[in-house]
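Right, one structure below, let's go through it.
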Amino acid sequence: MAGDDLLVPVDDSVTLRKTVAYVAERAADADGRPTLHFVYPVSERIDTSEEGAEATAAVELLDRIEVWVEEDLGEDADSVGVETAVVGQTEYLFNPGDYADVLADYARRHGVETVVLDPEYNPLGMAPLLPPLEGELEAAGLTVELAPVERPTRRSPLTRTAGLGQFVVLFCSTYAFYLLVSGTLSTFDLATGAITAGVVSALLWRITTRGEVELSKLGGRLARFALYVPFLLWEIVKANLDIAYVVLHPRLPIDPRVVEFDAAVWSALPATTLANSITLTPGTLTVDVTQRHFTVHSLTAGARDDLLDGALERAVRFVFYGRRAARIASPAERGARTDDETEGENE
Amino acid sequence: MTPREIAVLALVAGGAFFAFVAAVGLLRLPDVYTRTHGASKSDTLGAGLALAAVAITFGFDLSSVKAALLVLFMFITNPTAAHAIARAAEDQGIEPWTTDEGDSE
């Protein structure tokens with residue numbers, strides 16, 4: 001019965017296992033002998049001469065899925081057909097439309113009418129693929145379903161519970177900013193400002209403001225932040241002069257390296273402040289931050305030493321946690337290391 | 001020249017200098033990461049100095065407040081953009097250029 005056949009595009013996602021379990025169960029319950037098609041669309045074009053890394057990963061993943069399905073079906077294994085395929089090798093897949101074309105083509109050739117999507121299926125990385133992909137597949141005449149599996153909460157939700165207070169705070173600050181920039185208090189500006197602020201706060205009040213603010217702590221932080229800004233500006237100017245010297249020097253004496261270290265800051269806002277400060281200070285550029293782990297690209301040995309001496313980090317800790325926290329050991333003392341040292345150990 | 005004019009001149013000159021450094025850096029540095037250094041940081045300071053000159057020229061005026069706000073926003077958005085570029089480069093697997101590139105490794 002072709003109607004029960006399912007097409008499942010797969011990629012290495014956190015909910016993949018559950019999605020496989022769901023379709024396996026569904027196929028086992030169906031009448032006849034439905035076939036499950038697991039397809040892996042590869043995004044990079046693979047030339048016949050060499051197997052790309054992605055293709056290897058795809059085949060491994062598909063093999064794993066076959067094992068999972070067998071596991072899930074148990075005795076029903078005979079009543080369900082499983083087919084796996086790597087598709088899209090001959091073209092580059094860039095956008096949801098490309099993925100939909102490849103999948104629809106596969107579905108047509110195998111007579112599948114229903115596509116089950118893993119809710120975390122997102123081979124494109126950052127951009128959300130799922131909603132447009134759903135639309136494109138439906139336009140191609142397929143039935144699309146999302147696998148009803150629970151997603152693990154990897155990140156805190158974008159919207160938070162917020163009360164009237166947050167709305168008022170956001171509305172007032174937006175309104176004040178609007179009036180400040182317009183520079184007049186004419187009726188027109190008052191009216192348009194109120195409308196603009198209203199729209200902005202209505203849309204964003206659950207996103208921009210977070211939770212209760214402890215006023216007592218906030219005051220201290222703001223005061224210390226006011227001290228931090230001149231320090232940061234001074235650091236920026238000093239380091240900028242260094243960079244100007246290096247860049248204008250005829251021999252271009254640079255020595256770029258990637259440094260990794262675990263910063264001694266413990267929550268989102270301090271980490272963001274530190275990352276941005278590192279990037280602002282010339283000679284160092286935050287490449288990636290995962291929790292507390294900073295990956296920093298540094299242009300010169302001097303900039304690197306400054307970074308690992310931890311003056312900035314200490315200052316950020318001072319702003320957010322007060323004076324005592326400023327006296328933690330510097331990244332260098334805690335064993336941060338640069339790329340070349342790591343390489344040296346591997347050799 | 002009044003002290004204020006001197007201050008404005010100095011700031012504009014400084015701003016132009018760092019903008020120049022940013023441009024030279026963009027041309028001379030070897031790879032995407034180092035160029036991001038050159039383009040984002042010196043530029044931030046250059047534009048910051050120029051805007052400071054604007055603020056001083058206008059004195060205590062609404063325009064100065066706006067210039068100060070612009071500086072603030074630039075200091076927040078520029079590192080963010082630089083970070084985005086560097087991270088995108090890293091995601092694409094671009095290896096940072098190093099000085100021991102030509103060595104016998």
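The values are calculated or read from the model by the stated rules, or taken from the named source; none is laboratory data. Every value quoted in this text rests on a predicted model; they were computed, and no experiment measured them. Please note: Cβ atoms are built from the backbone with ideal geometry, for glycine as well, and neighbour counts cover all protein chains shown. What goes into the accessible areas is simple: the full protein's heavy atoms, side chains included, and nothing from ligands, DNA or RNA. Shrake-Rupley method; radii C 1.70, N 1.55, O 1.52, S 1.80 Å.
Cβ separations smaller than 6 Å between residues 6+ apart or across chains give the following pairs from the stretch A:171-193 residues that are open to solvent by less than 60 Å² (accessible area, probe 1.4 Å) to residues that are aromatic (Phe, Trp, Tyr): A:Gly193/A:Tyr175; A:Gly193/A:Tyr178. Against the numbered list (1) within 12 Å of chain A (Cβ to nearest Cβ); (2) open to solvent by less than 70 Å² (accessible area, probe 1.4 Å), B:Gly59 comes up short only at (1). Does A:Ala139 count as surrounded by 17 or more Cβ atoms within 10 Å (Cβ to Cβ) and at pLDDT 80 or above? Considered against the rule, which asks whether it is surrounded by 17 or more Cβ atoms within 10 Å (Cβ to Cβ) and at pLDDT 80 or above, A:Ala139 comes out as no.
Within the bounds of the stretch A:268-282, is there any residue that is in a loop (DSSP other than H, G, I, E, B), surrounded by fewer than 20 Cβ atoms within 10 Å (Cβ to Cβ) and more than 13 Å from chain B (Cβ to nearest Cβ)? Spell out the reasoning first.
Taking the stretch A:268-282 as the starting set, the residues that turn out to be in a loop (DSSP other than H, G, I, E, B) are A:281-282.
Next, only the ones that are surrounded by fewer than 20 Cβ atoms within 10 Å (Cβ to Cβ) stay: none.
There is no residue in the stretch A:268-282 that is in a loop (DSSP other than H, G, I, E, B), surrounded by fewer than 20 Cβ atoms within 10 Å (Cβ to Cβ) and more than 13 Å from chain B (Cβ to nearest Cβ).
When each of A:Tyr121, A:Tyr99 is tested for being in a loop (DSSP other than H, G, I, E, B), among the aromatic types (Phe, Trp, Tyr), assigned by TED's automatic domain parsing to the domain that holds A:Arg17 and at pLDDT 75 or above, the lone residue that passes is A:Tyr121. Residues in the stretch A:266-313 that are among the β-branched types (Val, Ile, Thr) and more than 20 Å from the chain's Cα centre (by Cα): A:Ile278, A:Thr281, A:Thr284, A:Thr300. In the set B:Val54, B:Val65, only one residue is assigned to a helix (DSSP H, G or I), open to solvent by 30 Å² or more (accessible area, probe 1.4 Å), more than 10 Å from chain A (Cβ to nearest Cβ) and of a type outside the set (Gly, Ala, Ser); that residue is B:Val54. Could you go through the stretch B:20-33 and let me know if any residue there is within 13 Å of the chain's Cα centre (by Cα), β-branched (Val, Ile, Thr) and open to solvent by less than 40 Å² (accessible area, probe 1.4 Å). Yes: the stretch B:20-33 contains one or more residues that are within 13 Å of the chain's Cα centre (by Cα), β-branched (Val, Ile, Thr) and open to solvent by less than 40 Å² (accessible area, probe 1.4 Å). Only residues that are of a type in the set (A, V, I, L, M) and without any contact (Cβ under 8 Å) to a residue 60 or more places away in the chain were counted across the stretch A:273-320, and they come to 12. Cβ separations smaller than 9 Å between residues 6+ apart or across chains give the following pairs from the stretch A:246-262 residues that are more than 7 Å from every other protein chain (Cβ to nearest Cβ) to residues that are part of a strand (DSSP E or B) and at pLDDT below 80: A:Val259/A:Arg337; A:Val259/A:Thr338; A:Glu260/A:His293; A:Glu260/A:Arg337; A:Glu260/A:Thr338; A:Phe261/A:His293; A:Phe261/A:Arg337; A:Asp262/A:His293.
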